[in-house]
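Input: a single structure, listed below in C-alpha cells.
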Amino acid sequence: GIRKLDYLTGGLHGDDLTVLTARPGIGKTALALQIADTLAEQGKRVLFYSLEMRRKRVARRLASRRAMVDFQKVERGHATSDELARIMAKLSEMTLLPFIVNDDSHATTAMIAAEIDAIRPDLVIFKEGSPSCGVRRVDMEGTKQAGCGVTTAMLESLTTRIITEEDSAPARFVAGRQ
C-alpha cells in the first residue's frame, strides 16, 4: 500500500476493523481514497460505501487527485480546460479498476452483507454520513461480521464536547463502543 503508513501502522490485514477518526476537514476521506486507489491499482477489489458523498463526486474527487488538480478548484468551477481534460482522462482510466462505490443511503445491513459476499472485496471502506442517513455505526460493525476475512475501514468524524466542572471525569472512548 502506502509504505510510510504501512510502516507506522503495520498495514491493513484481513479481518481487521480499522477506524480512522479525526475532526471534520482533516483529510480522512482523502487518505481513505488514496489507500483504496493504491490497492485498486494493484488489482485488489475495493468496495467504498459513501453515505454523504454521491458516487459521481467520489469519482471526481479521486480523478482530481490522480490528475493532480485541486478538488476544491474543480468543485468551485475554477478548473482550466486542460485540468478538466486531464480529469476526464483519469475518469476513463478508472473505469477499468476493481473499485466500486455504493452510495445507497437506504442500504440495510443485510444488503451490505450480501454485496460483500457477492463481490468478495479485499477492502471495504465505510464513509459514515450524518446519523439521519439510516445506517448506524452498530450496523456497520454488524456488517463486518459478515465480511469473513475482509479488511474493513470506517471513517468517522470526532465531535468535541465541552467538559464542565460538573463532570467527574472526561468521557473515554473505547474502540467499538460509544
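The values are calculated or read from the model by the stated rules, or taken from the named source; none is laboratory data. Computed from a prediction, not measured in an experiment: that's the story for all the values here. Ideal geometry is used to build each Cβ from the backbone, glycine not excepted, and the neighbour counts take in all protein chains shown. Surface areas here come from the heavy atoms of the whole protein model, side chains and all, with no ligands, DNA or RNA. Shrake-Rupley method; radii C 1.70, N 1.55, O 1.52, S 1.80 Å.
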Residue that is modelled with the lowest pLDDT [pool: residues in region 22-55 that are open to solvent by less than 20 Å² (accessible area, probe 1.4 Å) and of a type in the set (Val, Ile, Thr)]: Thr29
Does Ile100 satisfy the condition of being open to solvent by 60 Å² or more (accessible area, probe 1.4 Å), within 21 Å of Thr18 (Cβ to Cβ) and either outside any helix (DSSP H, G or I) or in contact (Cβ under 8 Å) with a residue 60 or more places away in the chain (or both)? yes
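From the list Val58, Val19, Val69, which one is open to solvent by less than 90 Å² (accessible area, probe 1.4 Å) and more than 25 Å from Ala113 (Cα to Cα)?
Result: Val69 is the single residue among Val58, Val19, Val69 that is open to solvent by less than 90 Å² (accessible area, probe 1.4 Å) and more than 25 Å from Ala113 (Cα to Cα).
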Kindly evaluate Ala110 against the criterion of being touching a Leu at 6+ places or on another chain (Cβ under 9 Å) and either hydrophobic (A, V, I, L, M, F, W, C) or surrounded by 20 or more Cβ atoms within 10 Å (Cβ to Cβ) (or both). no
Scan region 59-74 residue by residue and report those that are without any contact (Cβ under 8 Å) to a residue 12 or more places away in the chain, among the charged types (D, E, K, R) and part of a helix (DSSP H, G or I). Lys73
Within region 28-58, how many residues are of a type in the set (Gly, Ala, Ser) and either assigned to a strand (DSSP E or B) or touching a residue at least 60 places away in the same chain (Cβ under 8 Å) (or both)? 3
Could you tell me how many of the residues in region 72-97 are over 21 Å from Ile119 (Cα atoms), open to solvent by less than 40 Å² (accessible area, probe 1.4 Å) and of a type outside the set (Gly, Ala, Ser)? 3
For Ala110, only one of the following conditions fails: (1) outside any helix (DSSP H, G or I); (2) modelled with pLDDT of 80 or more. What is its number? (1)
